[in-house]
Amino acid sequence: MVAWRQAGLTYINYSNIAARTLRRALKADVRTDAAKRDETHIKFTPWANGKPTSEYHNI
């Protein structure tokens, strides 16, 4: 069995931890570019009766 599974992590959690650790280990000049990849943007549009009820919301 793989170590991340034995630790009780999902693969997504394991890969997020590994990516965060790698970004923190980078030199300062490339760390800022790599930190931009850590941001997440989600758009949410409420629907009712098969049609959007309003514009999307950034979450």
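The values are calculated or read from the model by the stated rules, or taken from the named source; none is laboratory data. For clarity, every value in this text was computed on a predicted model and none was experimentally measured. Don't worry about glycine lacking a Cβ; one is built from the backbone with ideal geometry, like all the others, and counts go over all protein chains shown. Side chains included, ligands, DNA and RNA excluded: accessible areas come from the protein's heavy atoms. Shrake-Rupley method; radii C 1.70, N 1.55, O 1.52, S 1.80 Å.
Here is how the numbers come out for the structure above:
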read-out: Positions within region 21-30 being assigned to a helix (DSSP H, G or I) and open to solvent by 100 Å² or more (accessible area, probe 1.4 Å), in sequence order; value: Leu22, Arg24, Asp29
read-out: Test set (1) modelled with pLDDT of 90 or more; (2) surrounded by 11 or more Cβ atoms within 10 Å (Cβ to Cβ) - Tyr11 fails condition number; value: (2)
read-out: Unmet requirement for Thr40, which otherwise passes all of (1) among the hydroxyl-bearing types (Ser, Thr, Tyr); (2) open to solvent by 100 Å² or more (accessible area, probe 1.4 Å); (3) assigned to a helix (DSSP H, G or I); value: (3)
